[in-house]
Amino acid sequence: MSTLIQQIEQQGQSQLYYDVIGLSAAVIALIFGIWYGKRLGVSRWKTAVILIAVYVDLAGLEVLLREFVLIPFYKNSGLGLEEMVASIVRQIPSIPLICLLCAKLLHMRWGKVCDVASMFLLLVSALSQPCCIFTGCCHGYEASWGIYSPKTGRYHVPTSFIEMVLTLVIFGWLLYKIAKSGFKSDGTHFPRMLIYYGGMRCICELMRDRAWIIKPFSVLMLYAMFLCVAGIVWLHIVKRKNKNEAANALACENTQYQQNKYEES
């Protein structure tokens with residue numbers, strides 16, 4: 001693998017591979033996302049609008065952050081520009097806001113829109129990981145048994161491979177659980193994704209050679225921890241809301257039943 005990466009680097013095609021893999025990942029994830037949205041009871045065109053809006057947010061927000069916030073901040077922070085690499089972890093917190101906008105425009109429940117976006121985010125993240133291998137970004141600590149990084153010219157722990165596999169495992173597990181429930185959209189898909197994905201990224205960030213804020217916490221690890229904690233709080237709120245709605249619905253049914261029984265008597 002390292003030989004292939006070096007050959008591609010010598011040909012000056014590292015960025016080309018990065019772009020092609022990233023675009024392919026987006027297309028595959030979009031096709032899956034439209035199927036997944038259909039299983040949740042959302043029309044194909046609405047699902048496509050949601051997923052395209054989410055992807056544009058991921059790509060567009062990254063450009064804005066890098067140019068106007070991250071580069072100026074990290075140049076003066078002493079943390080180093082390696083902390084400024086593109087990362088889905090930094091963009092995910094904005095996704096619920098995009099989903100809220102889509103919910104208003106498409107006249108849908110916010111929770112359902114988030115459910116539609118959740119598995120798309122996991123899949124596009126997993127399939128995009130090989131991008132980093134060909135450009136050398138997001139590398140792990142130096143290791144003689146690792147893979148070559150064009151960015152440093154040295155060998156590093158293959159964290160991108162590890163993260164891709166772990167993300168696909170999370171994707172498969174959540175998809176299995178959702179399918180087992182009959183693809184019920186109850187607003188819990190997105191917070192569950194945040195918990196599992198955020199927790200996994202915390203582990204992966206420990207393997208990455210990044211500048212620490214407080215050992216062993218890097219900037220992106222703090223983002224990942226935020227996702228995990230936010231997911232736990234969000235899931236608790238949604239579960240409690242669903243439980244209250246179910247109890248209210250049952251109470252209404254009992255009241256209606258008693259009223260009908262009274263009228264019949």
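No value in this document is a laboratory result; all are computed from the given coordinates. Worth saying up front: this structure is predicted, and the values here are computed from it rather than measured. For neighbour counting, all protein chains shown are included, and Cβ atoms are generated from backbone atoms with ideal geometry for every residue, glycine included.
Numerical summary
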| item | result |
| --- | --- |
| Environment charge of ALA25, counting only residues whose C-beta is closer than 14 Å and scoring Lys/Arg +1, Asp/Glu -1 | -2 |
| Amide H contacts under 5 Å for GLY146, placed H, 5+ residues apart | HIS156 |
| Neighbour net charge for HIS236 - beta-carbon separation under 14 angstrom, K R +1, D E -1 | +4 |
| Charge context of PHE226, other residues only, Cβ under 11 angstrom, K/R +1, D/E -1 | +2 |
| Linear extension gain, SER181 paired with ARG44, 0.36 nm per residue minus alpha-carbon span | 47.2 nm |
| Cα gyration tensor shape for region 127-235, rounded if a/c is under 1.5, else prolate or oblate | oblate |
